[in-house]
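Encoded as structure tokens, the structure appears first; notes follow it.
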Amino acid sequence: MPDRFSIGSRKTEAGARWALNFVLLPNRPRTVHNQTVTDRGNVVKNLFVGNLGPEVTHEELRRLFEAYGQVVQVHIIVDRGTGLPRGFAFVEMTNDAEAEKAIKALNGSMLSDRALDVDYARPRPERPAA
């Protein structure tokens, strides 16, 4: 659970009190194009996996990619409103050679009667502020 602490507290002319609260969050990994640098300084390769069926699980994807190297994390993307899978995922692998082997072997391969689209993840395009 994040630590909370208050900074400063003073009375205004009307006698109301205010406090400035901060929530300390854990360090999030920094993403650079198709690789992520974790808080320990390790670099992992981020792979995009597209054309997934709705029945594909995290464990199934992990087992599929672990045949080519160490998998750090699997993220199946779900719709915020419905909670249903959107048909793509991201798989983080520990090094470039293993990631390249996985891409060559799995891109176009069949999983649940669908041809997988596997490639290095690209950065998310900039969106204008609303």
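The values are calculated or read from the model by the stated rules, or taken from the named source; none is laboratory data. Just so you know, these numbers come straight off a predicted model, no measurement behind them. Methodologically, a virtual Cβ is constructed for each residue, glycine included, from the backbone with ideal geometry; neighbour enumeration extends over all protein chains shown.
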Practice task
Confirm whether G69 is assigned to a loop (DSSP other than H, G, I, E, B), of a type outside the set (F, W, Y) and either more than 29 Å from N42 (Cα to Cα) or without any contact (Cβ under 8 Å) to a residue 24 or more places away in the chain (or both).
Solution key: no
Problem - Within segment 72-99, considering residues that are assigned to a helix (DSSP H, G or I) and touching a Phe, Trp or Tyr at 6+ places or on another chain (Cβ under 8 Å), the one surrounded by the most Cβ atoms within 10 Å (Cβ to Cβ) - result: A99
Practice task
Test A102 against the criterion of being modelled with pLDDT of 95 or more and either assigned to a helix (DSSP H, G or I) or of a type in the set (S, T, N, Q) (or both), and give yes or no.
Solution key: yes
